[in-house]
Amino acid sequence: MSGRGDNIICLCEKNKKNYLKYKIFLAGYPKREITLKILTYIFSRIKTSLFYRFFKIGANSFIDHRAVIDGSNFISIGSNCFIHRNAWLAVPLFEAQNTIPFKTLDIYNSVRVGPGCTISAAQGIKIEDDVLIGPNVTILDHIHKYTNSNEPISRQGIKIKGTIIIKKGAWLCANSTIIPQKGLLIIGKNSIVGANTFLNKSLPDFSIAVGTPARIISQK
């Protein structure tokens, strides 16, 4: 065992990144779990390449096979992004009636979309580099119409609320909801939307918002 440890130390000195990879494998993960992760990775790669035709997808981006993608021709994903299981990325083509593919949902580089998230763009959502989106976050630029109380809401189409820009380095915490009140909603650079927060107005750079409706509790 000591010889194995010495080898790991040597790897650390030569290449820190490789050392960290070995450390992960020696951290106590059961072989069954490691095997499952490898199979999930392989199957997810196959599904992404066979089923989706994105407007663009960058190098080293990963979409879990349990995620749901609707309207991939209108979705652009940059490099080194990670889309977790059960996330739903959507462009509602029937309701929005788009015909010419363009970047309706534009995700930049190194963005992480957590499990169970819903991001639906009928007009325009832009997510810049290094944005962290926690579990079960909802980001919508539209809502369902409700103009006829005698007709099921599901048949009344959608109403565009505006467009959304989430700037570089922002963090949207678990269970938060982002829907513009009207027009352009901007979440500023390195800003935080707290857990369980409902945000419908723009948030300045380097600020923290919490509550329903959101209120700013800190700004640098």
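Taken together, the values in this text are just the output of simple stated rules run on the coordinates, not laboratory data. Keep in mind that this is a model prediction, so the values were computed, not measured. Cβ atoms come from the backbone with ideal geometry, glycine included; neighbour counts cover every protein chain shown.
Key figures
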{"read-out": "Residues listed by number, the range 136-162, amide nitrogen under 13 Å from Lys182 label point at 7 Å toward C-beta", "value": "161-162"}
{"read-out": "Two-site FRET efficiency, Tyr41 against Ile160, from Cβ-Cβ distance with R₀ of 45 Å, rounded to 0.05", "value": "0.75"}
{"read-out": "Theoretical FRET efficiency, 1/(1+(r/R0)^6), r = Cβ-Cβ of Arg215 and Ser79, R0 35 Å, to 0.05", "value": "0.50"}
{"read-out": "Set Lys56/Lys126; Lys103/Lys167; Lys145/Lys167 screened for pairs whose C-alpha atoms are more than 19 Å apart", "value": "Lys145/Lys167"}
